[in-house]
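I have placed the structure first, in the form of structure tokens, so that the comments after it can refer back to it.
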Amino acid sequence: MSRYTVAVLVRNQFGVLNRVTSMFRRRQFNISALTVSETETSELSRITVVFGGEEIAKQQLINQLYKLPDVCSIKEFSEDNSVSCELLLIKMKNEASSREDIRNAADAFGAVTVDYSKDYITFRLADSSRKIDDFINLLREYTILEICRTGSVSLEKGSTTIRQIINL
């Protein structure tokens, strides 16, 4: 099973997100990351979906998504043709015995301390999903209090934009 990242440009209207994600459910795709936001215009939203599946089923899904009336365009991303990023906030227990190791790990990965108390330390890391996974796995031997991840956001490399292929 392959992993795919697809951006869906949609009209920014009530119920559109539900219709798009329902299409994934009906096609029995498990969504592993979902990010939604307005674009450079408030009339459009961008839905970025990371999911796993087979190539043929993925292509059928994209064809079905194009049939939804509020879908303007769809772009599939790969590591070669895009720049992707994810945001992680991770809250760690602040214990004297592990504090230095945790700070060293954060420094090595480029994580920034965004909140600190005698009981906990919160770090922010914006990077690839793989690097975030590696950072979390390294910290698992210490006490993780809470994790929050945004899901992947992606833009195509070069001057091409998703709006250049609008299907209105």
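The values are calculated or read from the model by the stated rules, or taken from the named source; none is laboratory data. It should be emphasised that the depicted structure is a prediction, and the values quoted were computed from it without experimental measurement. When we count neighbours, we look across all protein chains shown, and the Cβ atoms used for this are built from the backbone with ideal geometry, even at glycine.
Values as computed for the structure displayed
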| quantity | calculated |
| --- | --- |
| Verdict on Lys157 being at pLDDT below 95, charged (D, E, K, R) and under 21 Å from the mean Cα position of the chain (by Cα) | yes |
| Residue tally, condition more than 23 Å from Thr35 (Cα to Cα) and of a type in the set (A, V, I, L, M, F, W, C), over the range 110-150 | 5 |
| Residue tally, condition of a type outside the set (Gly, Ala, Ser) and surrounded by 13 or more Cβ atoms within 10 Å (Cβ to Cβ), over the range 67-84 | 9 |
| Meets criteria (over 27 Å from Leu155 (Cβ atoms), among the polar types (S, T, N, Q), surrounded by 13 or more Cβ atoms within 10 Å (Cβ to Cβ) and touching a residue at least 24 places away in the same chain (Cβ under 8 Å)) for Asn94 | yes |
| Considering residues of the range 109-123 that are part of a strand (DSSP E or B) and of a type in the set (Phe, Trp, Tyr) only, the residue surrounded by the most Cβ atoms within 10 Å (Cβ to Cβ) | Phe123 |
| Sole residue being assigned to a helix (DSSP H, G or I) and either outside the structural domain of Asn137 (by TED's automatic domain parsing) or of a type outside the set (Ser, Thr, Tyr) (or both), chosen from Ala106, Ala33, Ala96, Ala7 | Ala106 |
| Residue check, Phe51 surrounded by 13 or more Cβ atoms within 10 Å (Cβ to Cβ), part of a helix (DSSP H, G or I) and on the phi < 0 side of the Ramachandran plot | no |
| All positions within the range 24-70 that are β-branched (Val, Ile, Thr) and closer than 22 Å to Thr161 by Cβ | Thr35, Val36, Thr39, Thr41, Ile47, Thr48, Val49, Val50, Ile62 |
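Yes/no matrix, rows are residues, columns are (1) within 26 Å of Ala7 (Cα to Cα); (2) part of a strand (DSSP E or B); (3) polar (S, T, N, Q):
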position: Leu89; (1), (2), (3): yes, yes, no
position: Leu125; (1), (2), (3): yes, yes, no
position: Arg130; (1), (2), (3): yes, no, no
position: Thr160; (1), (2), (3): yes, no, yes
